[in-house]
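Undergrad: Once you've had a glance at the structure underneath, I'll fire off some questions.
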Amino acid sequence: MDKKIIPQCEPWYDDTEWSYLKRVMDSGYITESALTREFEERVAKFTGAKHAVAMANGSVALSAALLAVGVKPGDEVIVPDMTFIATATSALMIGAVPLFCDIDPKTFCLDTEKAESLVTKKTKCIIPVHLFGIAADMDAINSLARKHSLSVVEDAAQGMGVHFQGKHVGTLGDIGMISFHANKTVSTGEGGMVLTDDPALAARCRRIKNQGREKKGIFIHESIGFNFSYTELQAALGLGQMDKFKEIIERKESIFNIYRNNLKGIEQITFPEIPSHTQPVYWFTNILVPDPEKLSTFLQGKGIQTRRFFYPLHLQPCFKERNAPACKESKSAYDHGLSLPSSATLSEKDQMFIIQSIKDFFKN
Ligand SMILES: Cc1ncc(COP(=O)(O)O)c(C=O)c1O
């Protein structure tokens, strides 16, 4: 018999999504149509954004947002060094140059003071990432952006449900985006959504995703665009996930509290602080330990999947020729961070097994 594996993060689908999927199959419309509009409206209402534009995935949503605010080839864009690589490659895809900035060790988000030291005449934009469900300090980022006339494009890929001082992340800069990739709190397999209050930016994003046109079925293209369309199948999953979203985040919070209450006595484990400006979503429960690789290998042997933090951008082999300066805090976060199994589907029995296994590791 195959050994049971407890996944680090898996989506939670049930009859809720099936009922929306049936609507799609019965309608005969597969590429984006009525359900996609409904999903956009649900996300706009939930986040408080005036406009939400669905995209094929979060990476292209980010590229579209950068194009929409006017980032051009050769422009510099400041990104945090600790993030999924898409934050940087979305800028590269449109010919812009990402500058890697160190992070605040408490939040794992951009260190604004260090960001200011990177600004040159060519810097046009800053991308704060709301990492692991914690908001970046948007007051500091917006004031830095105002001082240097930078656009703010928020990477809220991991931020569905996360608030900064009561406002949903992705709605605090000029434009923002969310990802609905399989491991995100709202999962549509692949998928992304641009959020903005600015109708001109929203209209630009709609044209960028639709080969430069206002409407499909017309073959006059007013501007250059691409095909970043969504599908009704993705929207069906998204609507089902929105119906369950409150429960998804409650389950994630409960998972976090159970880990924290049961592991807090182990002196080698630190739980990152939640800054007072954030109303978090516990997308992943993260811990800091002396040797995450060793703990991860031990847990893997017991069928428990974990995940190391993102490998710092300045160390990525694909960016080697950039000779980017070291980012000490991002390297330290990588050297110590580990994400524990955090699926909304995680059973209490499995979670207690994980906790006992971690206790056994530190006893030896
Ligand atoms: C911080 C961050 N930015 C961007 C992305 C890109 O989103 P997607 O995977 O939907 O393309 C992700 C996805 O994991 C992410 O975590």
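Undergrad: Between residue 4 and residue 214, what length in nm is gained on full extension when 0.36 nm per residue of separation is reduced by their alpha carbon distance? Mind dumping the intermediate values first?
TA: Working: separation 210, 0.36 × 210 = 75.60 nm, distance 4.97 nm.
Result for the pair: 70.6 nm of gain on full extension.
Undergrad: For the pair residue 349 and residue 118, what calculated FRET efficiency results from E = 1/(1 + (r/R0)^6), where r is the Cβ-Cβ distance and R0 = 56 Å, to the nearest 0.05?
TA: Values: r = 48 Å, r/R0 = 0.86.
According to the calculation, E is roughly 0.70.
Undergrad: Determine the dipole magnitude for region 169-258: charges of +1 sit on the beta-carbon of Lys and Arg, -1 on that of Asp and Glu, nothing else is charged, the reference point is the Cα centre, and the result goes in debye to the nearest 20.
TA: Charge dipole, region 169-258, about its Cα centre: 240 debye, nearest 20.
Undergrad: Return the calculated 222 nm mean residue ellipticity for the chain, to the nearest 500 deg cm²/dmol, obtained by summing -39500 (n - 2.57) across DSSP H runs with n ≥ 4 and dividing by the residue count.
TA: On the way: 12 runs with 140 residues, N = 364.
Dividing the helical sum by the residues of the chain leaves -12000 deg cm²/dmol.
Undergrad: May I pose another question? Which residue fluctuates most in the GNM of the chain (Cα springs below 10 Å): 116, 267, 250?
TA: Sorting by GNM fluctuation, first place goes to 267.
Undergrad: Moving to a separate point now. Counting every Cα pair in the chain, what percent are over 39 Å apart? Write down the numbers at each step before the final one.
TA: On the way: 10189 of 66066 pairs.
Of all Cα-Cα pairs in the chain, 15 percent lie more than 39 Å apart.
Undergrad: What list do you get for 287, 78 if you sort them by fewest beta carbons within 10 Å?
TA: Values: 287 22, 78 27.
Placing the least packed residue first, the sequence is 287, 78.
Undergrad: Output the relative contact order of the chain, whole-number percent, from Cα pairs under 8 angstrom with separation of 6+ residues. Intermediate results must be reported in sequence, preceding the final value.
TA: Numbers: 787 pairs, mean separation 83.8, N = 364.
Computed value for the chain: 23 percent relative contact order.
Undergrad: Across region 125-181, how large is the tail of the calculated P(r) beyond 19 Å, expressed as a percent of all Cα pairs? The partial results should precede the final answer.
TA: Details: 297 of 1596 pairs.
Value for region 125-181 (Cα pairs over 19 Å): 19 percent.
Undergrad: Now for a different question. Do the alpha carbons of any pairs in 209/328; 122/320; 124/209 sit beyond 27 Å of each other, and which pairs? Working shown, then result.
TA: Numbers: 209/328 38 Å; 122/320 22 Å; 124/209 22 Å.
Result: 209/328 exceed 27 Å.
Undergrad: In the Gaussian network model of the chain, springs joining C-alpha atoms below 10 Å, which of 130, 168, 221 carries the largest mean-square fluctuation?
TA: Looking only at 130, 168, 221, the largest GNM fluctuation is found for 221.
Undergrad: Report Rg (one decimal) and Dmax (nearest whole number) for region 187-313, counting Cα atoms only, units Å.
TA: For region 187-313, the Cα radius of gyration and maximum Cα-Cα distance read 21.3, 65 Å.
Undergrad: Which order do the peptides 59-68, 321-330 come out in when sorted by mean C-beta neighbours inside 10 angstrom, highest first? Let's see the in-between values first.
TA: Numbers: 59-68: 26.9, 321-330: 15.1.
Order by mean packing, descending: 59-68, 321-330.
Undergrad: Moving to a separate point now. Could you give me the percent of Cα pairs per 5 Å distance bin for region 245-363, shortest bin first, beginning at zero and ending with the bin that holds the maximum distance?
TA: P(r) for region 245-363, in whole percents per bin: 2, 10, 19, 22, 19, 13, 9, 5, 2, 0.
Values quoted throughout were computed directly from the atomic coordinates according to the rules given, and no laboratory measurement underlies them. Quick caveat: nothing in here was measured; it's all calculated off a predicted structure. Every residue, glycine among them, receives a Cβ derived from its backbone with ideal geometry; neighbour counts consider all protein chains shown.
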